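Below is one structure; the comments refer to it alone.
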Amino acid sequence: MTIKKIASAGIVAWMFLLLAGTAGAQQPEPAPLTTRPNLAVVANVSSSMRGGFNAAALNDNVAPMFSGRGFGGGGNRNVMPRQNIWVQYEWAQPVSTKEIDIFWNDFNRNIRLPEAYRVQYWNGTAFVPVQNASGLAKEPGKLNKTIFDEVKTTRIRIELDSADRGIASMAEWIVYKTDNSAAPAPSVNAGIDRDVMINGKTYLAGSIRSVTPVTKIEWKKVSGPGNVQFTSGDKIKGAATFSAVGDYELSMTASDGNLSQSSVIKVKVHEPPKAKRLDVVYTKKYKIDNKLWNDRAKAMITNWIPYCVAQNERTDLKIGEGGIDNFIEAAKAIRGEPHAKHKGYVFSNAWVHQTVEAMCIALMVDPQGDKEIIAAQDKMKATLEKWIPLILAAQEPDGYLQTAFTLRDTARWKERWSPRNRGDHEGYVSGYFIESAINHFTLTNGKDRRLYDAAKRLADCWVRNIGPGKKEWYDGHQEMEQALVRFGRFVNDMEGNNRGDSYVSLAKFLLDSRKNGSEYDQSHVPVQEQYEAVGHAVRATYNYSAMADVAAETADVDYQSAVMSLWNNLVNKKYYFTGGIGSGETSEGFGPNYSLRNNAYCESCSSAGLIFFQYKMNLAYHDARYADLYEETMYNALMGSLDADATHFYYTNPLSSSQPRDAWHVCPCCVGNIPRTLLMLPTWTYVTGDKAIYVNLYLGSTINVERVAGTDVQMIQKTEYPWNGNVAITVNPKVSKEFAVYVRVPNRTTSELYKPDREVNGLKWLKVNGKNVQINVEKGYAMIKRTWKAGDKIELEMPMEVQRFTADERIEGNRGRVALRYGPLVYNVEKADQQDIEKAIGKAPLKVEWNDMLHGLMVIKGQWADGTPLVAIPNYARNNRIEEPVATRPAATSTPTQAAEPPQRIANRPASSIVWIKEK
């Protein structure tokens, strides 16, 4: 079975296991299932099922490979009868048929086939049964033929009874054209809407399905401000270039005799980004002075990170994730000593490295005398001193580091960087180690180089073995690519002389090697030709983040065009109002455009990856819109993944939920990713340019920004944001210097998918040292240029009003509903405040009011349509309140011998919570 067909079937567990071994492997050209005229290939497919249904897999005329192979067990479980499940084909012109074939797949008896099925056709007013049907067999792993009296129709339907998992067992459905009947027009798809830079080209790759051979193909410009040149205007594949910036439409037409069909794509042509990107502000020691962020940071430092440490030190986890013990055993193997087997997933090193990085960043937060934070930080220092030697002892002599390889417990590990090992996350774990080394270096101001030097040995090992003239390879999970660019940039900044350039070059080579694979890990086509966000959402954001970085470092125009296309598609067609991504309709990934169900997947790791991606776009384009977006994701999609006390977390973050958070997870990839991302606040708050500081987040804090016009500048923010819009920024350069400060002017309308009842943008006023400053906004920033001296103060006020947003009508689940927003915060209604949250909201004005619950927050108050009080709370605070007390989890400890009890899911169910409220 092809990867696409597995996704269609929805067998997530089997898909995960299969992709672990095959994701990214070169796929053979699929053989057609029949060479007879198959009407199905030009049909539009629909079904009574919602979500997870992949139409392209059902009528692609591809033989289902691996059919009949499953993951064992479960074949005799009871199945609830499901009547009237249907799937149908529809044609633009009437077609004639009297014969079909269906390929059934029971996945080695893991899916129960339907009890019965029927063939129906549209007679012009209703669906009616075909006459004299014979066949209707259900033998899995082969074509099952059914013949009937000839019908001429525009629609034909299969109706199933007692179908387990809907229509998942239908792998292929063929509809044969009758002899001497007319064939319908070809089905044409010109491809994906996209963006391109003015001095670059866009790669065209349309598709045509036809019952009989196509005689002519033609590309042409439909509209646009300039000229368009096609490299191969009479072929499906080619490229186009444009003479002017603006919006274009291109069409591809396919002709089959007298019948022709066209398809149009939209292309937006941009000016390229500035030649010089903005510069990173590395996270170093800083102070938080903000009620919300002080509370969240303390909870992570005193509760969550210590718990992650304890879990990584355990040796008795029943689900066997594997932690620091794998490094201990790998070191024994390197020394030639007897050793235990590797525990957990092959990528289990990742959550150790993430926890190291989270500890390093947590140690940069000024405790400001808080005894609990100081005690927690002291334990983190001791843990790092214990862990670092254990990790380094597991590094191979040539610099390679992955304990699953060193311990070699499976037959898969016969060589490093093998195409069969793409699912074993060699780059994923290596990338997290490299990133942990960066923050350990900045924590110690470069005085402790142990992890940094080890990271260089690891990166150098990869450079020696992979690249032009060496090995061509890529990982199924793209963490290494973004880590290499981040590290190359860091090495150049720390050591100079372009010593990090080889790491950036390797990152690009790894990305350039992606091809002939699958959408699941974004290797289906070369990255320069990817224009739609597809596949696993975490892998996607890491891939796009790395691409954005490579584009910024190399000025590769094809990369710039692809990155802008991917960003546009993701933000304006596949983006949740909370700033989350990934509907979960494919394995932990994206569905089609506008398919944004509220029981979303929105994995916490994908939110972290999206923040990195938006940040890289901000560096490249000097544009505040990207900071607007990563602020949105940070406050709504990621901050609320941890509960109020940071003792439990969400792996997934749906927009409608009553599920409790977990103490741990069978795949704890998010546990360290959440704090390492949220606490890296200096990096998200400021970036620097040529004699300039850009203020991207408004956060009460004291942060030192280095190397601005030849001096360091201490930036002190005083603000209660996001609870109100007043901000005071004291600018303290060490030496008086002339430079510009760009303050972000937030735009609360971040995606074309969501429209507010009123715009609440801009600044009410802007002052320097008490004097009004004219507000001129360019790319979302108001610029103040002057000679700054210590004590100079910028003051501003952002308007803060409650907004009601509506969603694009193409988002089916949100039709007739509204969502509430205040500043950067999305709000939920929750049953803890009102019993009925599925009634309509009233039209009465909405106001905000302070409430001391959940560490203190602003609630929105209004009325339901029936006049009863309405209360809404920030999305990050959802699902914290329950009717019964939560069972107390044993305290986290720092030694395996005193480890907490095995983690258990909370038994208590929190109050139901939804983002989208009925409007009428």
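Brief remarks follow.
- Search result, residues across the range 753-793 that are among the aliphatic types (A, V, I, L, M), within 31 Å of the chain's Cα centre (by Cα) and part of a loop (DSSP other than H, G, I, E, B): L753, V760
- Of all residues in the range 234-259, those that are over 33 Å from the mean Cα position of the chain (by Cα) and surrounded by fewer than 16 Cβ atoms within 10 Å (Cβ to Cβ) total 5.
- Selection of the range 101-139 for residues being of a type in the set (D, E) and within 21 Å of A63 (Cα to Cα) yields D101, D106, E139.
Matching residues to (1) farther than 25 Å from K274 by Cα; (2) surrounded by 24 or more Cβ atoms within 10 Å (Cβ to Cβ):
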position	(1), (2)
D623	no, no
Y626	no, yes
D662	yes, no
P675	yes, yes
N704	yes, no
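- The set of residues in the range 260-287 that are within 30 Å of the chain's Cα centre (by Cα), crowded, with 17+ Cβ neighbours inside 10 Å and closer than 30 Å to A182 by Cβ comprises S263, I265.
- Count - residues of the range 832-865 that are in a strand (DSSP E or B) and hydrophobic (A, V, I, L, M, F, W, C): 8
- The condition of being without any contact (Cβ under 8 Å) to a residue 60 or more places away in the chain and at positive phi holds for N180.
- Of all positions in the range 399-421, none carries a residue that is small (G, A, S), in contact with a Leu (Cβ under 7 Å, 6 or more places away or on another chain) and modelled with pLDDT under 95.
- Entry remark, the range 216-267: residues being under 18 Å from A205 (Cβ atoms) and either acidic (D, E) or in a loop (DSSP other than H, G, I, E, B) (or both) number 8 in total.
- Flag for E495 being within 30 Å of V365 (Cα to Cα), charged (D, E, K, R) and surrounded by 24 or more Cβ atoms within 10 Å (Cβ to Cβ): no
- Residue count for the range 665-708, restricted to those that are touching a strand residue (DSSP E or B) at 6+ places or on another chain (Cβ under 7 Å), closer than 14 Å to F612 by Cβ and aromatic (F, W, Y): 0.
- Residues (assigned to a strand (DSSP E or B) and within 42 Å of the chain's Cα centre (by Cα)) located in the range 172-190: E172, W173, I174, V175, Y176, S187, V188, N189
- Of the residues making up the range 729-749, at least one is in contact with a helix residue (DSSP H, G or I) (Cβ under 7 Å, 6 or more places away or on another chain), in contact (Cβ under 8 Å) with a residue 40 or more places away in the chain, surrounded by 15 or more Cβ atoms within 10 Å (Cβ to Cβ) and not in a strand (DSSP E or B).
- Index of the failed condition, T406 passing every other in (1) surrounded by 20 or more Cβ atoms within 10 Å (Cβ to Cβ); (2) among the polar types (S, T, N, Q); (3) under 21 Å from L443 (Cβ atoms): (3)
- Search result, residues across the range 355-378 that are in a helix (DSSP H, G or I) and crowded, with 19+ Cβ neighbours inside 10 Å: T355, V356, E357, A358, M359, C360, I361, A362, I373, A376, Q377
- I693 vs. criteria touching a Phe, Trp or Tyr at 6+ places or on another chain (Cβ under 7 Å) and either farther than 20 Å from Y626 by Cα or not in a loop (DSSP other than H, G, I, E, B) (or both): yes
The values are calculated or read from the model by the stated rules, or taken from the named source; none is laboratory data. A quick note: this is a predicted structure, and the numbers were derived from the prediction, not measured. When we count neighbours, we look across all protein chains shown, and the Cβ atoms used for this are built from the backbone with ideal geometry, even at glycine.
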